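Beneath this line is the structure, given in structure tokens, with notes to follow.
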Amino acid sequence: MTLKRRILLELLRKGVVRRKEIVESFGVAKSTLSYAIRDLRQEGKIDVLSERKGRGRPSEIVRLSPKAWKIVGVKIGREAVIGVLMDATLKEIKRTEEKVFHGMRNISGYTMLLERILEELVTKKVAAIGISVSGNVENGVVVDSPMLNINGLDLKEILKKNFSGTVSIMSDVQALSVHESFKYGGDRFLIVNYGLGIGACWCESGKNRVLPIGHIVVDRSGEMCYCGQRGCLETVASDYANLKAFTHGDFTITEFVEYEHERYEDKLLKLWELSKKEPEKVRKIYDKSLDMLSMVIGNLVVLFQPEKVSFYGEGIAGWMVNEVEERVKLNFKRQGVEKVRFHFRGEDDAFEKGAAFKAAVEFLREEVKV
Ligand SMILES: [Zn+2]
């Protein structure tokens, strides 16, 4: 990798860096670095600013120029397709959303919604697009997603028709893993995405593996899941189960997935709000869910021995993560479980941000003519 690419990648990761730090961490001659920085500045890719602290010579700080290029992050989910246009430093410029209604949860529906988002956000300045999608992704194709009701959606092909820059397509939990390591660091960790769907990802030394824990069977004679199995974790421990307990409702998980906006959205938003602001009012409703969830997470912790487990997703709140941690540490006594850190992240935009970051890194590695 050339020195200029290394500098751009470092700035993408760290935001603002002192010129002195680059010299020290890159181990190159001061003059070589000065040439690279001068060139990048002339090309409009970086800004060099001076920072005065106390007396003496001001120190120089270097950052990516927000105008250097633009990146788009997209989240394709069960309930909506969301697109975010960001500047080079991944600061949000514009956000747009297309809701997924009944009858649109199929290949042609998602293709149409994605094309609308691209039409709205993609301009000449966009260098890369990162896409996070619920389901199994292989080489840019969503091979299987019970949640979106699609098999074989070729996102790469749709993108090719609409865009000629760098494209990076990953599953939603992979986008979260990228976001986690970009923002918080770490080398061995588990990501859990909690909402109606429950997903996980194991990350070790920069590599990740998707763990579809939402469809682990926890009750063989349980409810029929929308994936075709009986008694999946999602039928008893997800937002579907929580909403059913909250409303004493009589509906199936398949109905819930199909008609969320039309029938259940208001009540689900109400439940989330209570869970986040007045948890004591709804704590009991979540009891069974959290018990099942902590059993599955506890088993994963025993198997993988992570340093930390980080929770994302619209359906999760800080107190829920504390409960899961307590139950895991109470019920699993294997060595090492005690030391595992549990983190509540929430951060609803982590999907788009993670996907955009991955796309930006790939763009810098492959495309930048430096
Ligand atoms: Zn299932």
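Considering 243, 290, the condition of being over 30 Å from residue 138 (Cα atoms), more than 15 Å from the ligand (Cβ to nearest atom) and touching an Asp or Glu at 6+ places or on another chain (Cβ under 6 Å) is satisfied by 290 alone.
Do the conditions hold for residue 79, that is, is it closer than 30 Å to residue 119 by Cα, in contact with a helix residue (DSSP H, G or I) (Cβ under 7 Å, 6 or more places away or on another chain), in contact (Cβ under 8 Å) with a residue 40 or more places away in the chain and of a type in the set (Asp, Glu)? Break it down stepwise before answering.
Working: closer than 30 Å to residue 119 by Cα: yes; in contact with a helix residue (DSSP H, G or I) (Cβ under 7 Å, 6 or more places away or on another chain): yes; in contact (Cβ under 8 Å) with a residue 40 or more places away in the chain: yes; of a type in the set (Asp, Glu): yes.
Against the criterion (closer than 30 Å to residue 119 by Cα, in contact with a helix residue (DSSP H, G or I) (Cβ under 7 Å, 6 or more places away or on another chain), in contact (Cβ under 8 Å) with a residue 40 or more places away in the chain and of a type in the set (Asp, Glu)), residue 79 qualifies.
Just name the residue that is surrounded by the most Cβ atoms within 10 Å (Cβ to Cβ) out of those in region 31-49 that are part of a strand (DSSP E or B) and in contact (Cβ under 8 Å) with a residue 24 or more places away in the chain.
The first filter runs over region 31-49 and keeps only residues part of a strand (DSSP E or B), leaving 46-49.
If we keep only those that are in contact (Cβ under 8 Å) with a residue 24 or more places away in the chain as well, we get 46, 48.
Values: 46: 23, 48: 14.
Out of the qualifying residues, it is 46.
Would you confirm whether or not region 50-67 contains a residue that is at pLDDT 90 or above, open to solvent by 30 Å² or more (accessible area, probe 1.4 Å) and in contact with a Gly (Cβ under 8 Å, 6 or more places away or on another chain)? Yes - at least one qualifying residue is present in region 50-67. Scan region 213-238 for residues that are of a type outside the set (A, V, I, L, M, F, W, C), within 28 Å of residue 307 (Cβ to Cβ) and more than 9 Å from the ligand (Cβ to nearest atom) and jot them down. The one that is of a type outside the set (A, V, I, L, M, F, W, C), within 28 Å of residue 307 (Cβ to Cβ) and more than 9 Å from the ligand (Cβ to nearest atom): 238.
From the list 231, 222, pick out the single residue that is small (Gly, Ala, Ser) and out of contact with any Asp or Glu (no Cβ under 7 Å at 6 or more places or on another chain).
Details: 231 fails: out of contact with any Asp or Glu (no Cβ under 7 Å at 6 or more places or on another chain).
None of the other options fit; the residue is 222.
Within region 108-123, is even one residue in a loop (DSSP other than H, G, I, E, B), open to solvent by 10 Å² or more (accessible area, probe 1.4 Å), in contact (Cβ under 8 Å) with a residue 12 or more places away in the chain and within 29 Å of residue 15 (Cβ to Cβ)? Yes, some residue in region 108-123 is in a loop (DSSP other than H, G, I, E, B), open to solvent by 10 Å² or more (accessible area, probe 1.4 Å), in contact (Cβ under 8 Å) with a residue 12 or more places away in the chain and within 29 Å of residue 15 (Cβ to Cβ). Taken over region 321-359, the criterion of being touching a helix residue (DSSP H, G or I) at 6+ places or on another chain (Cβ under 6 Å), in a helix (DSSP H, G or I) and within 25 Å of residue 134 (Cα to Cα) is satisfied by 324, 350, 351, 353, 354, 355, 357, 358. Within region 333-348, identify whether any single residue is on the phi < 0 side of the Ramachandran plot, within 14 Å of the chain's Cα centre (by Cα) and surrounded by 24 or more Cβ atoms within 10 Å (Cβ to Cβ), and answer yes or no. No, every residue in region 333-348 fails to be on the phi < 0 side of the Ramachandran plot, within 14 Å of the chain's Cα centre (by Cα) and surrounded by 24 or more Cβ atoms within 10 Å (Cβ to Cβ). The residues of region 199-212 that are open to solvent by less than 50 Å² (accessible area, probe 1.4 Å) and either within 10 Å of the ligand (Cβ to nearest atom) or closer than 15 Å to residue 298 by Cα (or both), listed by number, are 199, 200, 201, 202, 211.
Selection of region 5-19 for residues being open to solvent by 50 Å² or more (accessible area, probe 1.4 Å) and over 13 Å from residue 360 (Cβ atoms) yields 6, 14, 16, 18, 19. Evaluated against (1) more than 23 Å from residue 78 (Cβ to Cβ); (2) buried (at least 21 other Cβ atoms within 10 Å of the Cβ); (3) modelled with pLDDT under 95, residue 315 falls short on exactly one condition, (1). So is residue 187 within 26 Å of residue 121 (Cβ to Cβ) and either within 16 Å of the ligand (Cβ to nearest atom) or among the charged types (D, E, K, R) (or both) or not? Judged against the criteria, residue 187 is not a match.
Tally up the residues in region 143-168 that are among the aliphatic types (A, V, I, L, M), away from the ligand (no atom under 16 Å from the Cβ) and touching a residue at least 40 places away in the same chain (Cβ under 8 Å), please.
Narrowing region 143-168 to residues among the aliphatic types (A, V, I, L, M): 143, 147-148, 150, 153, 155, 158-159, 167.
Still in the list and also away from the ligand (no atom under 16 Å from the Cβ): 143, 153, 155, 158-159, 167.
Remaining after also requiring touching a residue at least 40 places away in the same chain (Cβ under 8 Å): 153, 155, 158-159, 167.
Total meeting the criteria: 5.
Within region 242-254, the presence of at least one residue that is open to solvent by less than 40 Å² (accessible area, probe 1.4 Å) and in contact with a Cys (Cβ under 9 Å, 6 or more places away or on another chain) is confirmed.
The values are calculated or read from the model by the stated rules, or taken from the named source; none is laboratory data. If you're wondering where the values come from, they're calculated on a predicted model, not measured in any experiment. Don't worry about glycine lacking a Cβ; one is built from the backbone with ideal geometry, like all the others, and counts go over all protein chains shown. Remember, those area values only see protein heavy atoms, side chains included, never the ligands or the DNA or RNA. Shrake-Rupley method; radii C 1.70, N 1.55, O 1.52, S 1.80 Å.
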